[in-house]
Structure formats: structure tokens, C-alpha cells
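Colleague: Sharing a structure, written as C-alpha cells. Questions coming.
Since every read-out is calculated from the coordinates, none of them should be taken as a lab result. Here the structure is a predicted model, which is why all the values come from computation and not from measurement. Quick reminder, even Gly has a Cβ in these numbers, built from the backbone with ideal geometry, and neighbours come from all protein chains shown.
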Amino acid sequence: MTNPTQITVEKADGIATITLDRPEKMNAYTGTMGAEIIAAMDDIDADDKVRAVIFTGSGEKAFCAGADLTPEGGGQVFSSGEEVKDLSDSRVRDGGGLLTLRLFESKKPLISACNGVAVGVGATMQLAMDIRLASETARYGFVFARRGIVPEAASSWFLPRIVGISQALEWCYSGRVFDAAEAKAGGLVRSVHAPADLMFAAKDLASEIAENTSAISVAMTRAMMWRLMSADHPMEAHKIDSRAIYRLSRGADAKEGIASFLDKRRPVYPGRVSEDMPDFYPWWEERTYE
């Protein structure tokens, strides 16, 4: 991974922290930022020392104030901006969606620590993260209808699954900006914290995962939960559950999990996500853009 210019990445104690780092622009999103996050995720997924990922914004005002459509930001981040007639052309693809699809594929759990304003893509990128924490100063807005466009970053798939269809439609129909308390009441965030406590809470949660669980178990659980909640029958989940239990119960991590429990000690799991995933993973068919 080359040195990024619009994000920072820190790794310590099994946790990677990705910080959107354009504080002078309220961390507004650009195509460069999106590409840097994707590259960082590629590096993190390949790094077995990283067990969880925290996303936050630089400065005190914003997580991400949406897309930077100024000349400095490139002027266009959701697609190439080129005029094309064939809507299946890859240049039509939404840049925010390319990011959330990559986050969806993550093998590591993703935690959002929203420290301020999060509107547009600043809000929708967090939907592909697993657990969302908010500062009392956080503000969210799915403002697309007020800009004459539609929700992006695959948020029409993510948002209703997280908060329910009625709440998703209300926030998107109105396009209004709402506070952290409403976000929690609506099911968008897990908890609200004083600004000074936000990152401590996020790191405590990430550490609980990193220090106590099998990386392979977590990676499988993440894939199963995200992918199987849309299955049309519980039999589809049963098929994957059965394969996973069969394979993992015979592995080194399961042996360590039982031994550490009996010995009343913290486990040291030997399994590595980079090379020890079950032989049927990934079980889903390859998705292509059409």
C-alpha cells in the first residue's frame, strides 16, 4: 500500500484505525479518498495481525461532510462524469458504491466511530460497517432528494436492512439532517458517547473482539450474517451453518477455544484468515457488474 494522502491508517494491538483526513474540507469524500480506503482494506484483509477496523474522521467537526464536488475534489466522485449512452458501461458506476461493496467483502469486523457531521456518502459509507457508534455531536443526513439525485453507495440495499423500510424511507424522502439521539432511536447507531469518550468506546469494542475471538470464526460469522439475511428460506442458512460447524469444529481454533475455556485462560487462536478459511469459502457465486 502506497502512502495515502487523504486518509491515515494506524495499526496497534490488533486494531486498524482508518481516519478520513481532510479536516480543512470537513473530510469531504473524493475519488482519491475512496481508492485509498479500498487499498487500505486490501492491506488490512491480508494482515492477520489486524482483528478489527475502526473508521473515524479527522478534527472535531465532521466524520465526512459528503462528496467534495469542488474543483479541488475532482468535481465528480459518484461516476466518471463522462457522457455515455450504454448504462452498463463501467464508467456509469457510482464511486460510493465501489467503496461500500469493498467494505461488504471485508473479512474483518468494521466499526464506525462517527465524530461529527455525516451526510450523503459520509452517512451511506457507514451502512456497510457492522457496528456504528456516534458522538453526541454527530449529525446524519441522507440528503439526496434535496439535491435532485437518489441514495447511492448501495444504501437502498443497506439502509432498510439496518433500520427498517419505513424509517429508511422517512429519512430519504425528507432529506433532513438529524442528530445522534434520533439516529440511535431509529436503529442506525448502537450507542451515543461524549466526544472525548467516542474513540475509547470504539477501541474497547474492537479490543473485545481482537482479544477473545477466533479470526476465522468472526470472518465466517460476518459473511454468513450479511449474506444469509436475504435468503428466501432458512434452509439456505442451515446449509452454510452445517458446513461451517463441520469444518471449524475439527480445526485448531476450536481445539484452542475448548482448551482455553477449560484452563480458564485467554485463548490464543492459531488460525489465520489469510490462508485458513474453510475450503467452501467463499460459497456464494461471483458477483459481476451488468
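Colleague: Kindly provide the helix-only [θ] at 222 nm of the chain, computed as the sum of -39,500 (n - 2.57) over DSSP H runs of four or more divided by all residues, to the nearest 500 deg cm²/dmol?
Modeller: So the helix-based figure for the chain works out to -11500 deg cm²/dmol.
Colleague: Can you list the GluC sites (Glu not before Pro) in segment 1-67 that are in a DSSP coil and have 14 or fewer other beta carbons within 10 angstrom?
Modeller: Here the GluC sites (Glu not before Pro) that fit, given the DSSP loop and packing criteria, are GLU60.
Colleague: Here's something else I'd like to know. Note the full-extension length gain between LYS255 and ASP42 as 0.36 nm times their separation in residues minus their Cα-Cα distance, in nm to one decimal.
Modeller: 73.7 nm
Colleague: Find how much the distance from LYS11 to GLU208 grows on full extension, using 0.36 nm per residue of separation minus their present alpha carbon separation; answer in nm with one decimal.
Modeller: 69.3 nm
Colleague: What shape does segment 121-272 have by the C-alpha gyration tensor, where a ≥ b ≥ c are the square roots of the eigenvalues, rounded means a/c under 1.5, and otherwise prolate means a/b greater than b/c and oblate the rest?
Modeller: Oblate.
Colleague: Among LEU228, LEU101, LEU205, which one shows the highest mean-square fluctuation when the chain is modelled as a Gaussian network with alpha-carbon springs under 10 Å?
Modeller: In this elastic network of the chain, the residue with the biggest mean-square fluctuation among LEU228, LEU101, LEU205 is LEU228.
Colleague: Here's another thing I want to ask about it. Can you work out the PRE-style zone for SER191? Point 7 Å along Cα to Cβ, and I want the residues of segment 127-154 with backbone N under 18 Å.
Modeller: 130-138
Colleague: While we're looking at this one, here's another question. Can you list the lysines whose alpha carbon sits under 18 Å from that of LYS255, skipping same-chain ones fewer than 8 residues off?
Modeller: Answer for LYS255, where 18 Å is the Cα cut-off: LYS264, listed by chain and number.
Colleague: Charges at C-beta only: +1 for Lys and Arg, -1 for Asp and Glu. How large is the resulting dipole of the chain about its Cα centre, in Debye rounded to 20? Walk me through the intermediate numbers first.
Modeller: On the way: 33 positive and 41 negative charges, 133 e Å.
Approximately 640 debye in magnitude.
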